[in-house]
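Notes to accompany the following structure.
The values are calculated or read from the model by the stated rules, or taken from the named source; none is laboratory data. Not measured: the values here are computed from a predicted model. Here the Cβ is made from the backbone with ideal geometry for all residues, glycine too, and neighbour counts use every protein chain on show.
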Amino acid sequence: MEMKMEFLRRLPNPEELKEQYPVSARIAQIKQERDEEIRAIFEGRSDKLLLVIGPCSADHEDAVIDYISRLRRVQDQVKDKIFMIPRIYTNKPRTIGVGYKGMLHQPDPEKEADMLKGIIAIRQLHKRAVEETGFTCADEMLYPENHRYLSDLLSYVAVGARSVEDQQHRLTASGIGIPAGMKNPTGGDLSVMMNSIIAAQHGHTFLYRGWEVKTAGNPYTHAILRGYVDKFGRNMPNYHYEDLMNLLEYYEEANASEEKHMANPAVIIDVNHSNSGKRFMEQIRISKDIMHSCKVSPEIRGLVKGLMIESYLEDGAQKVGEHCYGKSITDPCLGWEKTESLIYELAELW
């Protein structure tokens, strides 16, 4: 039987889109310098704290740029201690597949999906962020084949809890040339996440966008702990001292096995999602709790490379169509004032 798909139109491939919306030499230079500094953090040559910080989803270009411009001013104040990678998440996984899927699908959250406008909008937004603030940003690698639309602009990608077991995500992460954070799956099984990290740290030959490609492996693939949901549907945290020691054991075990040998153990802790039970205010307490674990244990201090924080201009979340400027239309986020004071506190505590 014929496939039941309606082919609407052919979209430009990444090469064509990059030719149409090219990056300047200045952007390329900024990305190169920032990528080098991020690598130094993962390799332990720099002991700055990484903050992957920003809205749950990048829903409106102006509000996102406004937020990132404010981050820029704070970054300049804490640059000796903290290195920020703003979150510009342009595609959102949906638990049951319905609802707002992000700017890639709907450049205007109140209008129908338009993928052509979407790929242009996400490229323009990431470009504008670097041009206006000097920040190269993070995005979620929800669709591995779409990564190349932004590959000359991004400095970090996260592979989500629902994607971490997928072969194509693992193989693509092995060849992207920037840090890739692998989240633990929603069920919390750390061995799934570790297998993903090991797979992406090794080289592979595979099919990508109609090409046979070969990768050398990505030594900057690392863990993201985001909490999990237990069999009773309850949110359970995994950011505590004991959880971090447990993760360290996983890394040590992998390194003891010759065929699994991995690069430096590293984790970014997502202080929202199941770690906070989606109670966005808890991100403040959890961030400080992790700083305390780092203070009391040199091993944990070496393992923890940073935090992932969901933050926007206004506290909380709203429904699509409520039109509150700078307020999340997906998960609730920490508002600007609280974010700003948290960043200054983290700089003191680190």
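Name the pairs whose Cβ atoms lie under 7 Å apart, with the first residue in the range 230-251 and free of Cβ contacts under 8 Å to residues at least 40 places away in the same chain, the second of a type outside the set (Phe, Trp, Tyr), and 6 or more positions between them or separate chains?
Listed by first residue and then by second, the contacts come to ASP243/LEU225.
Of the conditions (1) farther than 18 Å from ILE122 by Cα; (2) without any contact (Cβ under 8 Å) to a residue 60 or more places away in the chain, PRO22 fails just one. Which one is it?
(1)
Among the residues of the range 21-29, are any under 30 Å from HIS222 (Cβ atoms) and of a type in the set (D, E, K, R)?
Scanning the range 21-29 turns up at least one residue that is under 30 Å from HIS222 (Cβ atoms) and of a type in the set (D, E, K, R).
Does the range 275-283 contain at least one residue that is surrounded by 14 or more Cβ atoms within 10 Å (Cβ to Cβ), modelled with pLDDT of 95 or more, more than 22 Å from SER163 (Cα to Cα) and touching a helix residue (DSSP H, G or I) at 6+ places or on another chain (Cβ under 7 Å)?
There is at least one residue in the range 275-283 that is surrounded by 14 or more Cβ atoms within 10 Å (Cβ to Cβ), modelled with pLDDT of 95 or more, more than 22 Å from SER163 (Cα to Cα) and touching a helix residue (DSSP H, G or I) at 6+ places or on another chain (Cβ under 7 Å).
Can you go through ALA58, ALA63 and tell me which one is of a type outside the set (D, E, K, R) and surrounded by fewer than 20 Cβ atoms within 10 Å (Cβ to Cβ)?
On the way: ALA58 fails: surrounded by fewer than 20 Cβ atoms within 10 Å (Cβ to Cβ).
Exactly one residue qualifies, and that residue is ALA63.
What residue, of GLU110, GLU37, is more than 21 Å from ALA129 (Cα to Cα), surrounded by fewer than 19 Cβ atoms within 10 Å (Cβ to Cβ) and not aliphatic (A, V, I, L, M)? Talk me through it step by step, then tell me what you get.
Working: GLU37 fails: more than 21 Å from ALA129 (Cα to Cα).
Going through GLU110, GLU37 in turn, just one is more than 21 Å from ALA129 (Cα to Cα), surrounded by fewer than 19 Cβ atoms within 10 Å (Cβ to Cβ) and not aliphatic (A, V, I, L, M): GLU110.
Which of the residues belonging to the range 239-252 are in a loop (DSSP other than H, G, I, E, B) and either exposed (fewer than 15 other Cβ atoms within 10 Å of the Cβ) or touching a helix residue (DSSP H, G or I) at 6+ places or on another chain (Cβ under 7 Å) (or both)? Walk me through it before giving the result.
First pass over the range 239-252, keeping only residues in a loop (DSSP other than H, G, I, E, B): 239-240.
Selection gives TYR239 alone.
Tally the residues that are touching a Gly at 6+ places or on another chain (Cβ under 9 Å) and not hydrophobic (A, V, I, L, M, F, W, C), restricting the search to the range 151-168.
Here the count works out to 2.
May I ask you to list the residues in the range 76-108 that are outside any loop (DSSP other than H, G, I, E, B) and in contact (Cβ under 8 Å) with a residue 24 or more places away in the chain?
Taking the range 76-108 as the starting set, the residues that turn out to be outside any loop (DSSP other than H, G, I, E, B) are 76-77, 82-87.
Within the range 76-108, GLN77, ILE82, PHE83, MET84, ILE85, PRO86, ARG87 qualify.
Out of (1) among the small types (Gly, Ala, Ser); (2) surrounded by fewer than 21 Cβ atoms within 10 Å (Cβ to Cβ); (3) farther than 20 Å from THR215 by Cα, the odd one out for SER151 is which?
(3)
Mind listing whichever residues of the range 157-180 are crowded, with 19+ Cβ neighbours inside 10 Å and out of contact with any Ser or Thr (no Cβ under 8 Å at 6 or more places or on another chain)?
Across the range 157-180, the qualifying residues are VAL157, ALA158, GLY160, SER163, THR172.
Please indicate, with yes or no, whether at least one residue in the range 114-132 is closer than 26 Å to LEU171 by Cα, in contact with a Lys or Arg (Cβ under 9 Å, 6 or more places away or on another chain) and in a loop (DSSP other than H, G, I, E, B).
No - not one qualifying residue is present in the range 114-132.
Which of the residues that make up the range 127-162 are more than 21 Å from GLY227 (Cβ to Cβ) and among the hydroxyl-bearing types (Ser, Thr, Tyr)? Spell out how you get there, then give the answer.
Filtering the range 127-162 down to residues more than 21 Å from GLY227 (Cβ to Cβ) leaves 127-137, 139, 143-155.
Hits for the range 127-162 are THR133, THR136, TYR143, TYR149, SER151, SER155.
Condition test on ARG72, is it touching a helix residue (DSSP H, G or I) at 6+ places or on another chain (Cβ under 7 Å), closer than 30 Å to TYR100 by Cα and of a type in the set (D, E, K, R)?
yes
Filter the range 37-74 for residues that are hydroxyl-bearing (Ser, Thr, Tyr) and either assigned to a loop (DSSP other than H, G, I, E, B) or out of contact with any Asp or Glu (no Cβ under 8 Å at 6 or more places or on another chain) (or both) and give the result.
Correct list: SER46, SER57, TYR67.
Among the residues of the range 1-18 satisfying the criterion of being farther than 18 Å from VAL130 by Cα and in a helix (DSSP H, G or I), which is farthest from the chain's Cα centre (by Cα)?
Let us first name the residues in the range 1-18 that are farther than 18 Å from VAL130 by Cα, namely 1-16.
Those still in the list that are in a helix (DSSP H, G or I) too: 14-16.
Numbers: PRO14: 21, GLU15: 24, GLU16: 26 Å.
By that ranking, first place goes to GLU16.
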